[in-house]
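The values are calculated or read from the model by the stated rules, or taken from the named source; none is laboratory data. Computed from a prediction, not measured in an experiment: that's the story for all the values here. Cβ placement follows ideal geometry from the backbone for every residue including glycine, while neighbour counts extend to all protein chains displayed.
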């Protein structure tokens, strides 16, 4: 029976080549998006699955409350890890890791190495197979280092690394083990593991190294027993935190458990070290899934529309089958088999489209390259096939239901539609839904693109044009500053700790006079040239007067207008604020008195989706080895960049030159928004392409079935324009209804939801709303007009004779 279904389905496909081609191509285009999404999701859910005890591994996260300001972090303190090991029960293993990043020296070779300070228990919790060395002892002794296979080859070539010496700064470490390279799908990535006992020795005089609140670069992982009492463990964490929080009234830390498999696909946590980690919020997957579903449904609607439109040609077939004893279920199976066959044919084509689109998606943003590979795996092939069959069932469900309900007697009648509402046919309802989603997609793309461009061109309150930010990567800046100052195209130079307006943040809490209230103030450490290089506007006071050489000597601060408003300094008069004293506290500074020497006009410290808040600039010192800001004026920018890079190579042959123009930094800061607009824009193109193919097929079918009517009307004197209006008015009426639904929905979606996250957005313009509608109308007019002109130009005598 199944063979019979396939044979009949294949004959029907070959008999209706145009409609079959449109269905296959439409489904293939939409299914390729589904394949990309499936591959994307499977890759994300592949993270950390190679660990033998992955389902029992948890990371400790910190919920930090500082002066009633609450934030959640992936990192935690070394002290928390040690207290958990000493005081808590019901835990099998605890391990503490800390960020490690230094330059390794082997002979004359110097190479940067990234990794972690780690304990021996790390190799008992996680499955990182050793090639050489005993996993129980390789990280036990101070100055021990374990290299990955790739790092060992990078440092020692083809020689065995075991037992060899590696120098970091002035200290010598011994290679005690070599392990397999860390798999791509691991949220922990490293080239080396260095014994944590070494870090403890090196920081034995640092009072902040093991404090409860020092959590910026440390991570704690637990391995729980196969049967663990989660409520008991969490209550012990709460008790431990309560005990430690007694010693600092302004700072409260709550410890929570996060399963290993929810680190990559889960809640977005802050990272106090500021580095990029692999992470994808579930809401993004839901959004992408929803968009992909709309595209797929659009192609399914095409299939349903064309199948029901061709109903008259298949009623006789259905009638004959029922007359010889076929039941409703057999008719349904026949039409479902046909739809699944088309879907499987579309799967083959969609796979080739998938191969074309895969590199485009991976290269869409730098984060994508570090996150997914989208390579074919057995589980992915199975998922593709299941997906294809599911799409076939969805596409064929309505036609199968429709034809199975037709009786043998009615099958001989000229029944052309199925009523869904009183005045609306199923086909019209599907076309209406299809074009509504198409218009929403196109309008969303147009509005989003305009808003994105406006954000990039937004007045931040300071100048970013032709300013090159050079990351020092731990180097002292004095030599580079001297070399850069001798390049004629470099007109001004300054130094800063971070780059503002791109999402970076540094800060602490400020108090004025003896008030008990404090407020969060964002900061940057800058030198005396920073204000002029970036053209900040001082409205009172002046630049820094002192030039301290250590962080402890910094006693001056330049604030923005929001600081004065926050604390009512000077009663609204910036001039009166000069000389006033404030108290500043952060993790590095404890209650230091500082004097206001300048007041600058408000500017955007954060992204434009943040309101302008209190900001303070403090003086840059040699301890802040951050960024050099070079203002460039050049008629040959590539040549100037080559000069600057050659200067960099003079002072640092190890680290690659890292520099970006400020405008590019801002553009990169909104790369997620840019990527989303590109994705929605691409999906818009696909939906309009699929809808247009469906409309073309419907116009062809309608024209073919009304050729006799067209011939009679032409004989009676109807003009080509009248015929075009006659055939197009039904479609144009549906497009008008779609526009009445789609445009207000999109407008209010942006106005009430999207743009509320951007306080400084520009209003949605009418041209952005109607751009998509005009595009769809133009395409519709071309297709309808083309087919109608073709029918109108035919000889009425031949048409009437053959009909």
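Below is a table of values for the structure above.
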read-out: Total residues in region 757-781, condition modelled with pLDDT of 80 or more, out of contact with any helix residue (DSSP H, G or I) (no Cβ under 9 Å at 6 or more places or on another chain) and assigned to a helix (DSSP H, G or I); value: 3
read-out: So residue 127, is it in a loop (DSSP other than H, G, I, E, B) and touching a strand residue (DSSP E or B) at 6+ places or on another chain (Cβ under 6 Å); value: no
read-out: Residue ranges of strands (runs of 3 or more DSSP E) in region 555-607 with at least 1 members closer than 21 Å to residue 760 by Cβ; value: 556-560, 592-600
read-out: Helices (runs of 4 or more DSSP H) completely within region 1-98 that count 3 or more residues being at pLDDT 90 or above and at negative phi; value: 17-44, 78-87
read-out: Residue match in region 705-727 (condition: within 23 Å of residue 680 (Cα to Cα) and at pLDDT 75 or above); value: no
read-out: Scan of region 80-92 for residues that are over 11 Å from residue 244 (Cβ atoms) and either outside the structural domain of residue 127 (by TED's automatic domain parsing) or crowded, with 20+ Cβ neighbours inside 10 Å (or both), ordered by number; value: 81, 84
read-out: Of residues in region 187-196 being farther than 10 Å from residue 100 by Cβ and surrounded by 18 or more Cβ atoms within 10 Å (Cβ to Cβ), the one modelled with the lowest pLDDT; value: 188
read-out: Residue tally, condition in contact (Cβ under 8 Å) with a residue 60 or more places away in the chain and either in a loop (DSSP other than H, G, I, E, B) or out of contact with any strand residue (DSSP E or B) (no Cβ under 8 Å at 6 or more places or on another chain) (or both), over region 167-182; value: 1
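So that you can scan it fast, the table gives a plain yes or no per residue for (1) farther than 13 Å from residue 661 by Cβ; (2) touching a residue at least 12 places away in the same chain (Cβ under 8 Å); (3) surrounded by fewer than 16 Cβ atoms within 10 Å (Cβ to Cβ):
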{"position": "461", "(1), (2), (3)": "yes, yes, no"}
{"position": "464", "(1), (2), (3)": "no, yes, no"}
{"position": "482", "(1), (2), (3)": "yes, no, yes"}
{"position": "495", "(1), (2), (3)": "yes, yes, no"}
{"position": "498", "(1), (2), (3)": "yes, yes, no"}
{"position": "512", "(1), (2), (3)": "yes, yes, no"}
